[in-house]
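Just below is one structure, and these are the notes that go with it.
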Amino acid sequence: MKIARSDVVTAYNGFAVLKAEVDTIVAGRALIAPPFTELSNTISAAAFGRAIGLRDGRRFLALVEAGYVPATKIINPKTQKKQLRMNDQDISEFHRKFLTLTNAQAEFGICRNRASAIVRAHDAKPSSPKGQDFGSIWLRVDVAPPFASGSRWPKMRLRYS
(Lines give C-alpha, C1' and ligand atoms only; values in the text may rest on other atoms or scores of the structure.)
Protein backbone atom coordinates (compact mmCIF):
# COMPACT_ATOMS: atom_id res chain seq x y z
CA MET A 1 0.00 0.00 0.00
CA LYS A 2 1.40 3.37 -0.98
CA ILE A 3 1.43 6.19 1.54
CA ALA A 4 1.33 9.82 0.45
CA ARG A 5 1.87 13.00 2.45
CA SER A 6 -0.32 16.03 2.15
CA ASP A 7 1.22 19.47 1.62
CA VAL A 8 -1.76 21.11 3.34
CA VAL A 9 -2.06 19.02 6.51
CA THR A 10 1.05 18.75 8.65
CA ALA A 11 2.36 16.16 11.09
CA TYR A 12 0.97 12.64 11.36
CA ASN A 13 -2.50 13.62 10.12
CA GLY A 14 -0.97 14.53 6.78
CA PHE A 15 -0.38 10.89 5.79
CA ALA A 16 -2.96 9.36 3.43
CA VAL A 17 -3.60 6.24 1.36
CA LEU A 18 -5.59 5.78 -1.81
CA LYS A 19 -9.19 4.68 -1.18
CA ALA A 20 -9.01 2.37 -4.21
CA GLU A 21 -6.13 0.42 -2.59
CA VAL A 22 -8.03 0.05 0.68
CA ASP A 23 -11.13 -1.15 -1.22
CA THR A 24 -9.03 -3.75 -3.03
CA ILE A 25 -7.66 -5.11 0.25
CA VAL A 26 -11.10 -5.21 1.86
CA ALA A 27 -12.59 -7.00 -1.17
CA GLY A 28 -9.80 -9.59 -1.10
CA ARG A 29 -10.25 -10.14 2.62
CA ALA A 30 -13.97 -10.78 2.14
CA LEU A 31 -13.10 -13.72 -0.09
CA ILE A 32 -10.80 -15.20 2.57
CA ALA A 33 -12.95 -14.58 5.65
CA PRO A 34 -15.47 -17.26 6.63
CA PRO A 35 -19.12 -16.34 6.25
CA PHE A 36 -20.56 -14.11 8.95
CA THR A 37 -22.12 -16.00 11.83
CA GLU A 38 -24.97 -14.39 13.73
CA LEU A 39 -23.80 -13.82 17.31
CA SER A 40 -27.05 -12.61 18.88
CA ASN A 41 -28.19 -16.08 19.99
CA THR A 42 -24.80 -17.23 21.22
CA ILE A 43 -22.41 -16.58 24.08
CA SER A 44 -18.65 -16.88 24.07
CA ALA A 45 -17.43 -20.05 25.73
CA ALA A 46 -15.25 -18.00 28.10
CA ALA A 47 -18.24 -15.89 29.20
CA PHE A 48 -20.34 -19.02 29.70
CA GLY A 49 -17.55 -20.53 31.80
CA ARG A 50 -17.57 -17.46 34.05
CA ALA A 51 -21.39 -17.59 34.28
CA ILE A 52 -21.29 -21.15 35.63
CA GLY A 53 -18.66 -20.30 38.21
CA LEU A 54 -15.48 -21.35 36.43
CA ARG A 55 -13.54 -18.11 36.74
CA ASP A 56 -10.36 -19.48 35.19
CA GLY A 57 -11.50 -19.30 31.56
CA ARG A 58 -8.56 -21.32 30.32
CA ARG A 59 -9.80 -24.47 32.06
CA PHE A 60 -13.29 -24.23 30.59
CA LEU A 61 -11.90 -23.44 27.14
CA ALA A 62 -9.63 -26.48 27.48
CA LEU A 63 -12.72 -28.58 28.27
CA VAL A 64 -14.39 -27.27 25.11
CA GLU A 65 -11.30 -27.72 22.94
CA ALA A 66 -10.87 -31.28 24.22
CA GLY A 67 -14.33 -32.02 22.78
CA TYR A 68 -16.23 -32.63 26.04
CA VAL A 69 -18.48 -29.58 25.55
CA PRO A 70 -19.86 -28.60 22.13
CA ALA A 71 -19.12 -25.14 20.75
CA THR A 72 -18.64 -23.49 17.38
CA LYS A 73 -15.35 -21.91 16.38
CA ILE A 74 -15.88 -18.67 14.50
CA ILE A 75 -14.01 -15.51 13.62
CA ASN A 76 -15.52 -12.67 15.59
CA PRO A 77 -16.62 -10.01 13.10
CA LYS A 78 -15.58 -7.17 15.41
CA THR A 79 -12.22 -8.40 16.66
CA GLN A 80 -11.32 -10.65 13.70
CA LYS A 81 -10.03 -13.21 16.22
CA LYS A 82 -10.96 -16.87 16.51
CA GLN A 83 -13.53 -17.44 19.22
CA LEU A 84 -15.50 -20.35 20.63
CA ARG A 85 -19.24 -19.61 20.84
CA MET A 86 -22.06 -21.62 22.40
CA ASN A 87 -25.71 -21.63 21.39
CA ASP A 88 -28.72 -22.86 23.38
CA GLN A 89 -28.25 -26.48 22.27
CA ASP A 90 -24.59 -26.44 23.32
CA ILE A 91 -25.53 -25.02 26.72
CA SER A 92 -28.26 -27.63 27.21
CA GLU A 93 -25.80 -30.37 26.32
CA PHE A 94 -23.36 -29.01 28.90
CA HIS A 95 -26.05 -29.00 31.62
CA ARG A 96 -27.03 -32.59 30.76
CA LYS A 97 -23.45 -33.77 31.28
CA PHE A 98 -21.94 -31.55 33.96
CA LEU A 99 -22.68 -29.76 37.22
CA THR A 100 -20.79 -26.93 38.91
CA LEU A 101 -21.33 -25.44 42.35
CA THR A 102 -22.95 -22.37 40.78
CA ASN A 103 -25.32 -24.58 38.78
CA ALA A 104 -26.18 -26.64 41.86
CA GLN A 105 -26.86 -23.46 43.78
CA ALA A 106 -29.35 -22.24 41.17
CA GLU A 107 -30.87 -25.62 40.33
CA PHE A 108 -31.42 -26.95 43.84
CA GLY A 109 -31.98 -23.64 45.65
CA ILE A 110 -29.11 -23.99 48.09
CA CYS A 111 -26.20 -21.75 48.97
CA ARG A 112 -22.76 -22.32 47.51
CA ASN A 113 -21.32 -23.42 50.85
CA ARG A 114 -24.06 -26.04 51.19
CA ALA A 115 -23.37 -27.29 47.65
CA SER A 116 -19.68 -27.55 48.45
CA ALA A 117 -20.45 -29.44 51.68
CA ILE A 118 -22.60 -31.97 49.79
CA VAL A 119 -19.85 -32.60 47.26
CA ARG A 120 -17.27 -33.07 50.03
CA ALA A 121 -19.57 -35.31 52.10
CA HIS A 122 -20.04 -37.66 49.16
CA ASP A 123 -16.33 -37.57 48.32
CA ALA A 124 -17.09 -36.60 44.72
CA LYS A 125 -14.04 -35.90 42.62
CA PRO A 126 -14.06 -33.24 39.87
CA SER A 127 -14.24 -34.55 36.34
CA SER A 128 -10.75 -35.14 35.00
CA PRO A 129 -10.80 -37.33 31.90
CA LYS A 130 -7.35 -38.53 30.94
CA GLY A 131 -5.98 -36.81 34.06
CA GLN A 132 -6.69 -33.29 32.79
CA ASP A 133 -7.65 -30.65 35.37
CA PHE A 134 -10.73 -28.72 34.26
CA GLY A 135 -11.47 -27.15 37.64
CA SER A 136 -14.52 -27.53 39.89
CA ILE A 137 -16.77 -29.33 37.46
CA TRP A 138 -18.40 -32.70 38.10
CA LEU A 139 -20.17 -35.24 35.95
CA ARG A 140 -23.87 -34.84 36.66
CA VAL A 141 -24.39 -38.59 37.05
CA ASP A 142 -21.85 -38.61 39.90
CA VAL A 143 -23.17 -35.69 41.98
CA ALA A 144 -26.80 -35.02 41.07
CA PRO A 145 -28.31 -37.83 43.23
CA PRO A 146 -26.99 -36.40 46.54
CA PHE A 147 -28.31 -32.97 45.57
CA ALA A 148 -31.69 -34.28 44.48
CA SER A 149 -32.31 -36.23 47.70
CA GLY A 150 -32.41 -33.57 50.39
CA SER A 151 -32.63 -36.20 53.15
CA ARG A 152 -29.02 -37.23 52.60
CA TRP A 153 -27.59 -33.74 52.80
CA PRO A 154 -25.00 -33.40 55.50
CA LYS A 155 -26.13 -31.51 58.60
CA MET A 156 -24.38 -28.21 58.96
CA ARG A 157 -22.78 -27.73 62.35
CA LEU A 158 -22.07 -24.34 63.80
CA ARG A 159 -18.83 -24.01 65.66
CA TYR A 160 -18.41 -21.36 68.30
CA SER A 161 -15.02 -20.35 69.49
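The values are calculated or read from the model by the stated rules, or taken from the named source; none is laboratory data. What you see is a predicted model, and the numbers here were worked out from it, not measured in a lab. Note: ideal-geometry Cβ built from the backbone for every residue, glycine included; neighbour counts use all protein chains shown. Heavy atoms of the whole protein, side chains included, go into the accessibility calculation; ligands, DNA and RNA do not. Shrake-Rupley method; radii C 1.70, N 1.55, O 1.52, S 1.80 Å.
Phe147: open to solvent by less than 30 Å² (accessible area, probe 1.4 Å), over 30 Å from Val26 (Cβ atoms) and modelled with pLDDT under 85, yes or no?
yes
Any residue at all in segment 124-141 that's open to solvent by 80 Å² or more (accessible area, probe 1.4 Å) and either over 20 Å from Val69 (Cβ atoms) or in contact with a Cys (Cβ under 7 Å, 6 or more places away or on another chain) (or both)?
Looking through segment 124-141, none of the residues is open to solvent by 80 Å² or more (accessible area, probe 1.4 Å) and either over 20 Å from Val69 (Cβ atoms) or in contact with a Cys (Cβ under 7 Å, 6 or more places away or on another chain) (or both).
Would you point out the residue of segment 26-66, among those that are among the aliphatic types (A, V, I, L, M), at pLDDT 90 or above and over 20 Å from Asp88 (Cβ atoms), that is farthest from the chain's Cα centre (by Cα)?
Among those that are among the aliphatic types (A, V, I, L, M), at pLDDT 90 or above and over 20 Å from Asp88 (Cβ atoms), it is Ala66.
Among the residues of segment 85-104, write down those that are surrounded by 18 or more Cβ atoms within 10 Å (Cβ to Cβ), within 18 Å of Ser40 (Cβ to Cβ) and not hydrophobic (A, V, I, L, M, F, W, C).
Arg85, Asp90
Return the pair list, or none, for Cβ contacts closer than 7 Å from residues in segment 1-14 that are within 24 Å of Val26 (Cα to Cα) to residues that are basic (Lys, Arg) and open to solvent by 60 Å² or more (accessible area, probe 1.4 Å), at least 6 apart or on different chains.
Gly14/Arg5
Only one of Ser92, Ser127 is at pLDDT 90 or above and among the small types (Gly, Ala, Ser); which?
Ser92
In segment 50-84, how many are in contact with a Leu (Cβ under 7 Å, 6 or more places away or on another chain) and either open to solvent by less than 40 Å² (accessible area, probe 1.4 Å) or more than 25 Å from Lys130 (Cα to Cα) (or both)?
Looking only at that region, the number is 6.
Just the residues that are open to solvent by 90 Å² or more (accessible area, probe 1.4 Å), outside any strand (DSSP E or B) and of a type outside the set (Val, Ile, Thr), please, taken from segment 1-29.
Met1, Lys2, Asp7, Tyr12, Asn13, Leu18, Lys19, Arg29
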